[in-house]
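Only one structure is covered here, and it is reproduced in the block below.
Quick note: the coordinates plus some simple rules give every number you see, no bench work behind them. Since the structure is predicted, the reported quantities are computational estimates derived from the model, not experimental observations. Cβ atoms come from the backbone with ideal geometry, glycine included; neighbour counts cover every protein chain shown.
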Amino acid sequence: AQSVTQPDIHITVSEGASLELRCNYSYGATPYLFWYVQSPGQGLQLLLKYFSGDTLVQGIKGFEAEFKRSQSSFNLRKPSVHWSDAAEYFCAVGAFGGGGNKLTFGTGTQLKVEL
Amino acid sequence: EAQVTQNPRYLITVTGKKLTVTCSQNMNHEYMSWYRQDPGLGLRQIYYSMNVEVTDKGDVPEGYKVSRKEKRNFPLILESPSPNQTSLYFCASSRAGVTEAFFGQGTRLTVV
């Protein structure tokens with residue numbers, strides 16, 4: 001069975017500082033990986049996804065993530081954080097076909113941005 | 001605009017009173033799912049559907065029912081809600097195959 005670990009429950013960074021959110025996955029086949037963001041009171045917005053190809057993927061809002069198969073990781077990065085990036089971030093791995101394209105989510109990382 | 005619409009957004013109910021949360025998508029997606037989100041647990045799949053009249057259990061199906069009579073709609077039914085079903089619920093839809101899921105805005109349910 002697949003699983004996702006986000007080891008950091010809370011992270012605080014200063015506005016303008018760089019950000020890295022960690023994600024490790026366990027999956028028996030080729031992983032399909034996602035990062036979603038949830039702003040307070042909002043639904044889930046897709047930041048970026050990795051299906052195949054270039055292991056460095058670019059997303060919206062200046063985010064990027066790097067897939068490292070040897071480390072089973074898919075860490076999210078941003079060079080310079082803005083106050084509006086404060087939100088909860090979820091990493092997920094997708095199982096396609098059976099299970100209705102089930103997504104298995106990590107427990108989330110709450111990002112706080114200090115001005 | 002492509003979207004997944006859930007109603008209601010907020011609901012407070014009492015234990016044992018049947019309720020339905022509706023979900024509708026306008027993208028002609030084959031697959032739809034319900035998830036619940038709880039602090040420290042992330043999102044977990046409750047039920048899913050891969051086509052009209054085809055539904056199956058996810059990871060946490062106890063206490064829930066679903067139906068898929070039309071392609072666009074996938075209601076979540078709690079026939080006898082209990083306080084441990086207090087949670088934030090999300091409906092999602094996607095095409096078949098390797099693709100991304102689209103999520104609704106969420107329904108915050110409180111059972112007292």
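A few points about this structure:
- Neighbouring Cβ atoms from other chains, within 10 Å of the Cβ of residues in A:87-97, number 2 on average.
- Theoretical gain in end-to-end length, B:Val52 to B:Ser82 [0.36 nm per residue, Cα-Cα removed]: 7.9 nm
- Within the protein assembly as shown, DSSP assigns beta bridges of which about 90% are antiparallel (rounded to the nearest 5).
- For chain A, DSSP calls about 90 percent of its internal beta bridges antiparallel.
- Here is the size of the protein assembly as shown from its Cα atoms: Rg then Dmax, 17.5, 51 Å.
- Using the Karplus relation 6.51 cos²θ - 1.76 cosθ + 1.60 with θ = phi - 60°, the per-residue 3J(HN,Hα) values for the stretch A:68-75 come to 10, 5, 5, 9, 6, 10, 8, 7 Hz, with x marking Gly and Pro.
- When only Cα pairs below 8 angstrom with a gap of at least 6 residues are kept, chain A shows a relative contact order of 37 percent.
- The stretch A:22-115: proportion of alpha-carbon pairs further apart than 17 angstrom, %: 49
- Cα extents of chain B along the three principal axes, largest first (Å): 38, 28, 27
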